[in-house]
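First comes the structure, then the notes that go with it.
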Amino acid sequence: MSAVLAAVVGATLAGCSSTGGKRAEERAAKSAHGRAAVDTPRWTVAMVTHSGDGDSFWDIVRSGAEQAAVKDNIKFLYAHSDEGQQQSEQVQSYIDQKVDGLIVTLAKPDAMKAVVAKARKAGIPVITVNSGSAESKEFGALSHIGQDETIAGEAVGDELTKRGRKKALCVLHEQGNVGHEQRCDGARKTFKGKLENLYVEGTNMPDVLSAIEAKLQSGDYDAVVTLGAPFADTAVKAKKQAGSDAEINTFDLSKQVAQGLANGDLGFAVDQQPYLQGYQAVDLLWLYKYNADVLGGGQPVLTGPQIVTKDEADELAEYADRGTR
Amino acid sequence: MSSSLARPTTPADPPEPDERLLHRSTLRSLLGRPELGAVVGAVAVFVFFSVVADSFLQLSSLSTVLYASSTIGIMAVPVALLMIGGEFDLSTGVAVTTSALVSSMFSYQMTANVWVGVGVSLLTSLAIGFFNGIVLVRTGLPSFIITLATFLMLTGMNLGFTKLISGKVSTKTIGDMEGFESARKIFASQHTIGDVNIKVTILWWLGLVAVATWILLRTRAGNWIFAAGGNAHAARAVGVPVARTKIALYMGTGFGAWVLGQHLLFSFDTVQSGEGVGNELLYIIAAVIGGCLMTGGYGSAIGAAVGALIFGMTNKGIVYAQWDADWFKFFLGAMLLLATLLNAWVRKRAEASK
């Protein structure tokens with residue numbers, strides 16, 4: 001027992017790593033460090049998303065929002081739930097707390113409709129981000145910041161066609177997310193080949209892995225499109241285990257995706273710049289409170305799609321590493 | 001709020017003859033109630049969040065908390081009865097979604113009055129409960145396995161049928177159909193009194209608690225439930241219809257799922273097919289916090305309601321206290337553990353003082 005302990009301690013001390021680890025994290029923290037750049041009163045802004053627990057994409061959105069909050073002297077609150085009912089209750093809690101601004105996602109618009117109306121009635125400005133470009137204006141939000149999921153899907157369909165793919169798989173990791181359906185439907189519209197949907201349980205990676213692997217073994221797919229960065233990694237593993245030669249492509253970016261693009265594991269990624277969604281939402285609320293400014297002119301402010309391939313991978317890997325891309 | 005919940009059940013009728021001749025003071029019988037510990041736990045949680053969260057004590061916040069509690073409580077009550085009867089139901093979470101989906105899709109596809117869908121949904125929900133119950137009593141397998149299977153089948157059917165019929169993962173809106181407004185009044189209306197929104201689910205919740213308590217404490221069926229959960233063989237030997245009781249209890253959870261399912265449908269117009277997974281555990285947790293034994297034969301409906309209230313207060317209190325969302329589940333778990341420990345401690349003290 002003590003021998004094992006000694007060996008572990010020894011290995012920890014001796015085996016320094018020059019890449020990754022805690023030190024890389026500290027570098028990242030330094031980049032997010034900052035002081036308020038304005039002297040407006042300390043407003044409170046709350047953000048409620050449909051994120052599941054521990055989702056890397058939403059972590060980037062959140063760090064963008066936190067960075068803007070620091071600059072704008074804003075107190076930033078955050079809550080999330082992947083159940084529409086819960087999400088609407090969280091928004092209600094923030095209305096009860098009389099926050100100065102609300103940022104919400106409309107992945108399940110019907111569940112959010114009533115509570116967004118309540119926020120407006122209570123005089124709280126609302127900005128929608130990420131999902132809900134179609135409903136944002138109707139619900140009375142100031143602006144919508146995000147990517148149009150159908151347009152993003154169509155971009156993927158075009159890219160797949162351009163790459164000469166015939167039969168592709170669209171992996172949906174959040175059942176019931178309308179935006180995810182729109183992505184796959186958009187891709188299906190412009191893709192000249194055949195695109196099938198595969199539903200997986202996004203919070204259960206082994207399930208995702210085995211589901212994709214089984215699907216790849218069962219048919220001659222030559223492309224896979226995952227809807228989130230962590231799932232691209234898993235799809236690459238599934239592809240290797242299944243002995244398939246399908247090209248793996250993905251929505252969203254991460255350090256691993258950037259590396260995958262660079263070393264050829266991945267074909268292309270469609271980025272929607274999550275950092276920008278969080279950052280802009282907080283900043284626009286500040287602008288609205290300070291100067292009654294509204295961006296977008298009633299149209300969604302698009303942060304994507306941006307198709308990223310091997311060419312841009314190296315540059316983006318660095319930013320992904322510090323958790324802002 | 002929570003202490004006033006306990007009052008209606010205090011057995012106040014004159015002591016009956018035979019072995020129950022022994023006189024027990026009101027205080028004594030209060031101390032013997034299964035929900036006592038939960039009430040103390042609820043008061044503790046309430047006081048805690050009143051202190052740490054500034055906006056917790058506002059009327060509008062309290063109505064949000066009550067609403068959140070009611071959406072768990074409506075199911076926790078029939079689940080508690082089932083657990084007193086000695087069985088589990090893991091299919092309740094998705095059964096709620098099933099109930100909403102059936103109602104919505106039937107009305108839409110048949111272009112029928114919304115109330116027709118609501119009726120069909122009631123029959124379906126009761127049928128799911130009946131299925132669970134009949135398979136249980138016929139096979140004698142553990143309810144854990146049977147309802148786990150039902151849970152998985154319903155999860156698959158929810159998505160499968162919805163995609164098949166609507167072509168999407170959510171249903172189409174029925175907000176513009178005949179009967180919608182009246183159904184919304186029954187299942188999802190809210191009444192604003194001053195600054196406070198009282199959602200109708202709170203009334204459903206209280207109503208279900210009252211009915212369940214009456215059944216448990218005042219009817220023959222109530223005795224059957226305790227007997228079936230305490231010792232099914234002995235109960236059968238003295239002539240308790242154990243099989244019928246258990247089937248009825250499962251149909252009771254079906255009824256709860258129907259009420260909550262209709263609430264979700266009529267507050268949001270459309271239903272997401274993938275939701276509800278995991279909520280079954282919340283209902284069981286609420287019942288257990290409220291004093292139900294995992295082994296059956298002991299518990300109360302009021303306790304389950306108080307358990308739901310503890311859960312609702314904790315769930316929303318964390319947001320009002322503005323604690324970091326990353327730690328949400330940890331705080332939730334820790335608060336529940338503390339409330340339950342307090343509950344167990346109080347109950348032990350109460351039993352010792354008898």
(request) Identify, by number, the condition in (1) in a helix (DSSP H, G or I); (2) within 14 Å of chain B (Cβ to nearest Cβ); (3) more than 21 Å from the chain's Cα centre (by Cα) that A:ASP185 doesn't meet. (result) (3)
(request) Go through the residues of segment B:324-347 one by one and say whether even a single one is touching a residue at least 40 places away in the same chain (Cβ under 8 Å), among the basic types (Lys, Arg) and surrounded by 24 or more Cβ atoms within 10 Å (Cβ to Cβ). (result) no
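Working only within segment B:158-185, note down all residues that are without any contact (Cβ under 8 Å) to a residue 60 or more places away in the chain and surrounded by 15 or more Cβ atoms within 10 Å (Cβ to Cβ).
In the first step, residues of segment B:158-185 are kept if they are without any contact (Cβ under 8 Å) to a residue 60 or more places away in the chain; the result is B:160, B:164, B:167-168, B:176, B:181, B:185.
Result: B:LYS168, single match.
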(request) Spot the failing condition for A:VAL200; the list is (1) within 14 Å of another protein chain (Cβ to nearest Cβ); (2) modelled with pLDDT of 90 or more; (3) within 22 Å of A:VAL236 (Cβ to Cβ); (4) crowded, with 20+ Cβ neighbours inside 10 Å, and only one is missed. (result) (2)
(request) Could you identify the single residue in B:LEU90, B:LEU57, B:LEU62 that is farther than 17 Å from B:GLY303 by Cα and without any contact (Cβ under 8 Å) to a residue 12 or more places away in the chain? (result) B:LEU57
(message) For the condition more than 26 Å from B:LEU281 (Cα to Cα), under 20 Å from the mean Cα position of the chain (by Cα) and within 14 Å of chain A (Cβ to nearest Cβ), what is the one hit in B:SER189, B:SER166?
(response) B:SER189
(request) Considering each residue of segment B:312-340, count those that are part of a helix (DSSP H, G or I), among the aliphatic types (A, V, I, L, M) and modelled with pLDDT of 85 or more, and give that number. (result) 5
(request) Within segment B:96-140, track down each residue that is touching a Leu at 6+ places or on another chain (Cβ under 6 Å) and under 20 Å from B:LEU249 (Cα atoms). (result) B:VAL96, B:THR98
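Would you confirm, using the coordinates I've provided, whether B:ASN113 is polar (S, T, N, Q), surrounded by 24 or more Cβ atoms within 10 Å (Cβ to Cβ) and over 22 Å from B:LYS168 (Cα atoms)?
On the way: polar (S, T, N, Q): yes; surrounded by 24 or more Cβ atoms within 10 Å (Cβ to Cβ): no; over 22 Å from B:LYS168 (Cα atoms): yes.
For B:ASN113, the condition - polar (S, T, N, Q), surrounded by 24 or more Cβ atoms within 10 Å (Cβ to Cβ) and over 22 Å from B:LYS168 (Cα atoms) - is not met.
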(message) Condition check: under 17 Å from the mean Cα position of the chain (by Cα), within 14 Å of another protein chain (Cβ to nearest Cβ) and more than 21 Å from B:ILE145 (Cβ to Cβ). Does B:VAL77 satisfy that?
(response) no
(message) I'd like to verify a number: residues in segment A:78-94 that are within 9 Å of A:ALA46 (Cβ to Cβ) and within 8 Å of another protein chain (Cβ to nearest Cβ), how many?
(response) 5
(request) Kindly indicate whether any position in segment A:83-103 is out of contact with any Phe, Trp or Tyr (no Cβ under 7 Å at 6 or more places or on another chain) and within 30 Å of A:LEU266 (Cβ to Cβ). (result) no
(request) Go through segment A:276-321 and give me each residue that's among the aromatic types (Phe, Trp, Tyr) and either buried (at least 22 other Cβ atoms within 10 Å of the Cβ) or without any contact (Cβ under 8 Å) to a residue 60 or more places away in the chain (or both). (result) A:TYR279, A:TRP286, A:TYR319
(request) Inspect segment B:284-296 for any residue being facing chain A (nearest Cβ under 9 Å) and either surrounded by fewer than 23 Cβ atoms within 10 Å (Cβ to Cβ) or hydroxyl-bearing (Ser, Thr, Tyr) (or both) and give the result as yes or no. (result) no
(request) State all residues of segment A:35-58 that are surrounded by 21 or more Cβ atoms within 10 Å (Cβ to Cβ), of a type in the set (A, V, I, L, M, F, W, C) and in a strand (DSSP E or B); if no residue qualifies, say none. (result) A:VAL45, A:ALA46, A:MET47, A:VAL48
(message) Anything in segment A:116-130 that is within 13 Å of chain B (Cβ to nearest Cβ) and buried (at least 22 other Cβ atoms within 10 Å of the Cβ)? List them, or say none.
(response) A:VAL116, A:ALA119
(request) Would you please list the contacts, defined by Cβ atoms under 8 Å and residues six or more apart or on different chains, that run from a residue in segment A:169-184 that is in contact (Cβ under 8 Å) with a residue 12 or more places away in the chain to a residue that is of a type in the set (Lys, Arg) and buried (at least 24 other Cβ atoms within 10 Å of the Cβ)? (result) A:CYS170/A:ARG183; A:GLY176/A:LYS108; A:ASN177/A:LYS108; A:VAL178/A:LYS108
(message) Looking at B:THR162 and the list (1) touching a Lys or Arg at 6+ places or on another chain (Cβ under 9 Å); (2) in a loop (DSSP other than H, G, I, E, B); (3) of a type outside the set (A, V, I, L, M), which single condition is not satisfied?
(response) (2)
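Quick check: is even one residue across segment A:96-108 of a type in the set (Lys, Arg), farther than 30 Å from A:ALA37 by Cβ and buried (at least 20 other Cβ atoms within 10 Å of the Cβ)? Lay out the reasoning, then the answer.
Taking segment A:96-108 and keeping what is of a type in the set (Lys, Arg), we get A:98, A:108.
The next check asks that each one be farther than 30 Å from A:ALA37 by Cβ; those that pass are A:108.
If we keep only those that are buried (at least 20 other Cβ atoms within 10 Å of the Cβ) as well, we get A:108.
Checked against the condition, which is being of a type in the set (Lys, Arg), farther than 30 Å from A:ALA37 by Cβ and buried (at least 20 other Cβ atoms within 10 Å of the Cβ), segment A:96-108 yields at least one hit.
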(message) Checking A:GLU138 against (1) in contact with a helix residue (DSSP H, G or I) (Cβ under 6 Å, 6 or more places away or on another chain); (2) within 14 Å of chain B (Cβ to nearest Cβ); (3) within 21 Å of B:SER170 (Cα to Cα), only one condition comes out false. Which one?
(response) (1)
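Tell me the residue from B:LEU126, B:LEU154 that is within 14 Å of chain A (Cβ to nearest Cβ) and closer than 27 Å to B:VAL242 by Cβ, please.
That would be B:LEU154, the only listed residue that is within 14 Å of chain A (Cβ to nearest Cβ) and closer than 27 Å to B:VAL242 by Cβ.
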(request) Residues being in contact with a Ser or Thr (Cβ under 8 Å, 6 or more places away or on another chain) and part of a strand (DSSP E or B): count how many of those fall in segment A:102-128. (result) 5
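The values are calculated or read from the model by the stated rules, or taken from the named source; none is laboratory data. For clarity, every value in this text was computed on a predicted model and none was experimentally measured. Reconstructed Cβ throughout: ideal geometry from the backbone, glycine too, with neighbour counts over all protein chains shown.
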